[in-house]
Every structure is written in structure tokens, then in C-alpha cells.
Amino acid sequence: MRERLRARDALGDDVAIGVERGERSFARGDRVMFLRNERSLGVKNGTLGEVRSATSTRLAVLLDDGRSVAFDVKDYAAIDHGYAATVHKAQGMTVDRVHVLATPGLDRHAAYVALSRHRDNVELHYGRDDFADRRKLAQVLSRERGRDMAGDFLRAPEAELRPASPPVTLDAAVARHGRIVQSMRFANSIGEPYTPDQRAELTASRAILDAIQPYGARDLESAFASDHSMIGEAAKGRVVNAVRVMQLEREMRLNPDVRADVFVQRWQSLDRQRRILLRDREDSRAGTVADRMIGMAKSLERDPQVESILRNRMAQLGLPPTLDRGVGQSLANMIGKGRSRGLDIGM
């Protein structure tokens, strides 16, 4: 897309700028995407806009909602070209025209998100090497991931059989799981023990999710843990956010590059929270955030693939360019030292 715009003289002169994902060339007229929430600019992860001016250190962007923002790259570098995005990243976007490239990994939920981002026009593209014909394309884009596996659940114990027949859709399974998790969280909040019926319901619900999608229960519960408000939404049947984050958890489990991206985003977000709390003398709350960051750092010991990827992104994590130990250990030590001294390292 960018090459075609360049051929039509629709872009200004290229300016090389170092951003979080490496060096990029930006020019007046470029479409760009913001990759991290930033309250001071009024942007969030996935915000789109058009470059109005670019220097080696500063960008001015007209956002799609009509607002203009300008910023120094040293202060905000989470930006990249905005001509294409994954379906997950496109969640919540609205643009004039959309081209969707269908792949075998799509299902009904992802296809709905992809095909509803446009105001004026959407075109669907697919490769013959992925889909033999339109009938096969339609089957994939309208499927519930677990329907081909629903028969597997019929081998479950009788106590878990009743909720699985007739076949359960992913949306229904997520809503059901939201209800049982909500009821168990309520019992815990008032000091009541879980009942045998609750435990059996949780086991059955997890089995249904895993039958629909491998590791589905773990992915959904990780999504719930990341944002407790999704539990109540799911319990009421509003499952779009839960399913979206559930799919992100699946992508992270399968793709170390996605896990690395999410690690960096979450680390930077927590670090900003910690610094603000320290600035405001809220040491106890800052300590709680620091504990979460140390836990994240130690988790890299169990994920050597992500640890290796992060060695190329140490500046984004606040680490020096060379280390005498692993990334995870270095991050844990950096936060631990700052906490033990009551200081904010690097402020």
C-alpha cells in the first residue's frame, strides 16, 4: 500500500525515525497506528491517524477522530505504519474502506470483527492455496471452533454430559463459565466454602471449553484474571471482550513474538503506574505494583523463547544495552533494588 502511495506522489519526503519496533521511514501522508495507551496524548493501543509532519525527533499526526497530536519520539515511540493490522488489533477500529485477507485460522468471531470495521466498503480476499473455493471459505468463516470436536465431549462422565448436548457454542460456553466463576468469587468474598455443586459445575464448564478449543478454559480464566470486569459481562451474556482476550491468550500461548509484545506493553504500563505512585508518595501501592513486575520478570525463567526475543528490546524495558545475566533476572534485580531502597531507579 505504501509503495503504491509513493508511486502516486501521495507521500512527502521520507524521514528515518527510530521507534520501539526499530527504524521506520515516515512521511507526510503516511498512515500510522499508535501501539500503546497514552493519556497525555489521548491515544490508545490501535488508534489510527495520518502524519502531517515528520522530523527525525518529532511527529505531528491528525487522528482519525479529527484531533491533532504532536510528540517527541523520545517521549513516545510506540508507533508504526498503520496500513495493516491483525484482526485482534483491529477490534474497535472504524475506517472508510477495509480489505480483509482471509486465512485458515479465522472463525466466526474473528470474521465478524474483520468484516465490520468499515463505513463505506469492505472487500474480502483469499488465496487458492488456503481455500479451494468459496464454499470452503464460507465454512471456515462461519464456524464455531469447537463444533468439529463436540463429539469428543460425549465421552465425559455422565455428570458432565448433560450440558454438552446439544452442542454448545463458544459464546454460550464463555457465558456459562462467567456465571460459575462469578458465583464462586461471590462465595469467596463472603467467606463461604465452595459447594460440591459449584465444584462440579466448574469442572464441567472447563471440560466444555477445552472440548471447544484446546486449553480454552485456561485461556478464558487468564482473560478473566487480566480484567475482572469481564466476568460479570460474560455472566450476562456480553462475551465479545472475553472472547477477544481469550483469543489473545491463545495467540500468546502459541506465538512467542506475541508473548514478547504483550510482555513489553504490560511491563511499560506497570512501570508508568509505579513511577506515578512513587511520585505521589503512595509507597505501599507502588510496592504492590513492583511485586507484580518482579513476578513478571521471574516468569521469563519459564519462557526462554520470550527471554531471547526480549534481548533485542532491552531499551524498551529500561535495561542497559549489555547484560551480565538474563533479562528476567536483570529486570527483577532492577525493580527489587529500587524497592528495597525506597527509590525509583531511573527517575
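Data overview
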read-out	value
Qualifying residue in region 49-62 (condition: touching a Lys or Arg at 6+ places or on another chain (Cβ under 9 Å), acidic (Asp, Glu) and either open to solvent by less than 30 Å² (accessible area, probe 1.4 Å) or farther than 17 Å from MET93 by Cβ (or both))	no
Subset of region 197-211 (residues that are of a type outside the set (Ser, Thr, Tyr) and out of contact with any Asp or Glu (no Cβ under 7 Å at 6 or more places or on another chain))	ASP197, GLN198, ARG199, ALA200, GLU201, LEU202, ARG206, ILE208, LEU209, ASP210
Residue in region 10-24 that is surrounded by the most Cβ atoms within 10 Å (Cβ to Cβ), counting only those that are assigned to a loop (DSSP other than H, G, I, E, B) and of a type in the set (Gly, Ala, Ser)	GLY12
Lone qualifier among VAL32, VAL61 - being assigned to a strand (DSSP E or B) and in contact with a His (Cβ under 7 Å, 6 or more places away or on another chain)	VAL32
Residue count, region 70-86 (criterion: free of Cβ contacts under 8 Å to residues at least 60 places away in the same chain, in a strand (DSSP E or B) and of a type in the set (A, V, I, L, M))	1
Pair list, Cβ < 6 Å and 6+ apart or interchain, from region 103-127 residues that are outside any helix (DSSP H, G or I) to residues that are open to solvent by 60 Å² or more (accessible area, probe 1.4 Å) and of a type outside the set (D, E, K, R)	VAL122/LEU115; GLU123/HIS99; HIS125/LEU101
Helices (runs of 4 or more DSSP H) (entirely within region 235-347) containing at least 2 residues that are open to solvent by less than 50 Å² (accessible area, probe 1.4 Å), of a type outside the set (Phe, Trp, Tyr) and more than 30 Å from PRO214 (Cα to Cα)	256-279, 283-299, 327-341
One residue from ALA84, ALA110, ALA78 being aliphatic (A, V, I, L, M) and either open to solvent by less than 20 Å² (accessible area, probe 1.4 Å) or over 24 Å from LEU248 (Cα atoms) (or both)	ALA78
Residue check, LEU41 out of contact with any helix residue (DSSP H, G or I) (no Cβ under 8 Å at 6 or more places or on another chain) and within 21 Å of ASP261 (Cβ to Cβ)	yes
SER40, sole failed condition from (1) within 25 Å of the chain's Cα centre (by Cα); (2) under 21 Å from ASP96 (Cβ atoms); (3) surrounded by fewer than 17 Cβ atoms within 10 Å (Cβ to Cβ)	(2)
Output for region 215-234, where each listed residue is modelled with pLDDT under 90 and crowded, with 17+ Cβ neighbours inside 10 Å	SER222, ALA223
Region 35-55: number of residues that are part of a loop (DSSP other than H, G, I, E, B) and either β-branched (Val, Ile, Thr) or over 19 Å from ARG272 (Cβ atoms) (or both)	2
Sole residue being more than 23 Å from the chain's Cα centre (by Cα) and either within 16 Å of LYS89 (Cβ to Cβ) or open to solvent by 50 Å² or more (accessible area, probe 1.4 Å) (or both), chosen from ALA7, ALA27	ALA7
Meets criteria (touching a Lys or Arg at 6+ places or on another chain (Cβ under 6 Å), open to solvent by 20 Å² or more (accessible area, probe 1.4 Å), of a type in the set (A, V, I, L, M) and farther than 27 Å from ASP257 by Cα) for ALA138	no
Some residue of region 87-99 being under 20 Å from PRO214 (Cα atoms), at pLDDT below 85 and outside any strand (DSSP E or B)	yes
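Yes/no per residue for (1) open to solvent by 20 Å² or more (accessible area, probe 1.4 Å); (2) without any contact (Cβ under 8 Å) to a residue 24 or more places away in the chain:
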{"residue": "LEU170", "(1), (2)": "no, no"}
{"residue": "VAL174", "(1), (2)": "no, no"}
{"residue": "GLY178", "(1), (2)": "no, no"}
{"residue": "VAL181", "(1), (2)": "yes, no"}
{"residue": "ASN188", "(1), (2)": "yes, yes"}
{"residue": "PRO193", "(1), (2)": "yes, yes"}
{"residue": "GLN198", "(1), (2)": "yes, yes"}
{"residue": "GLU201", "(1), (2)": "yes, yes"}
{"residue": "ILE212", "(1), (2)": "no, no"}
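The rows are residues; the columns are (1) open to solvent by less than 30 Å² (accessible area, probe 1.4 Å); (2) modelled with pLDDT under 90; (3) within 24 Å of VAL168 (Cβ to Cβ); (4) of a type in the set (Gly, Ala, Ser).
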| position | (1), (2), (3), (4) |
| --- | --- |
| ASN45 | no, yes, no, no |
| ASP64 | no, yes, no, no |
| LEU115 | no, yes, no, no |
| HIS118 | no, yes, no, no |
| SER142 | no, yes, yes, yes |
| PRO157 | no, yes, yes, no |
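The values are calculated or read from the model by the stated rules, or taken from the named source; none is laboratory data. Predicted, not measured: the structure shown is a model, and the values here were computed from it. As a convention, Cβ positions derive from the backbone with ideal geometry for all residues, glycine included, and neighbour counts pool all protein chains shown. Side chains included, ligands, DNA and RNA excluded: accessible areas come from the protein's heavy atoms. Shrake-Rupley method; radii C 1.70, N 1.55, O 1.52, S 1.80 Å.
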